[in-house]
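One structure below.
The values are calculated or read from the model by the stated rules, or taken from the named source; none is laboratory data. None of these values were measured; they are calculated from a predicted model. Reconstructed Cβ throughout: ideal geometry from the backbone, glycine too, with neighbour counts over all protein chains shown. We work out accessible area using only protein heavy atoms, side chains counted, and drop any ligands, DNA or RNA first. Shrake-Rupley method; radii C 1.70, N 1.55, O 1.52, S 1.80 Å.
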Amino acid sequence: MQKGINYWAFPPGRDGSPADPLQAMRAARDLGFDCFELTVDAADPVSRSTTLEQAERLRPAAQAMGLRLATVPSGLAGTT
């Protein structure tokens with residue numbers, strides 16, 4: 001069994017900006033998690049406007065940290 005944590009579990013920055021996904025992944029690794037669940041939201045850091053190039057940088061970064069990206073939930077239910 002693998003233990004994972006969701007991006008939404010990490011608080012925003014002191015200025016209210018969303019948590020940086022790479023920093024959240026590092027924290028997850030440091031806390032002993034095996035998997036990290038990125039989320040797709042209406043706004044950054046990962047959203048419909050995220051480019052393929054931006055998205056493709058996340059998996060190798062997670063793998064380098066020893067994390068698996070197993071699932072991707074969305075906060076976009078009911079939005080267009």
Any hit, the range 41-53, residues being open to solvent by less than 70 Å² (accessible area, probe 1.4 Å), at pLDDT below 95 and touching a Gly at 6+ places or on another chain (Cβ under 6 Å): yes
Subset of the range 9-45 (residues that are farther than 22 Å from residue 56 by Cβ and either basic (Lys, Arg) or within 8 Å of the chain's Cα centre (by Cα) (or both)): 14
Test set (1) in contact with a Phe, Trp or Tyr (Cβ under 7 Å, 6 or more places away or on another chain); (2) under 19 Å from residue 12 (Cβ atoms); (3) not aromatic (Phe, Trp, Tyr) - residue 69 fails condition number: (2)
So residue 65, is it within 10 Å of the chain's Cα centre (by Cα), open to solvent by less than 70 Å² (accessible area, probe 1.4 Å) and modelled with pLDDT of 95 or more: no
Where a residue in the range 1-16 is more than 15 Å from residue 45 (Cα to Cα) and in contact (Cβ under 8 Å) with a residue 24 or more places away in the chain and its partner, wherever it lies, is open to solvent by 100 Å² or more (accessible area, probe 1.4 Å) and not in a loop (DSSP other than H, G, I, E, B), with Cβ under 8 Å and at least six apart: 2/68; 4/68
Pairs where the first residue, in the range 50-77, is on the phi < 0 side of the Ramachandran plot and the second is in a helix (DSSP H, G or I), C-beta under 6 Å, 6+ apart: 61/22; 62/25; 65/25; 65/29; 67/25; 67/29; 69/59; 69/62
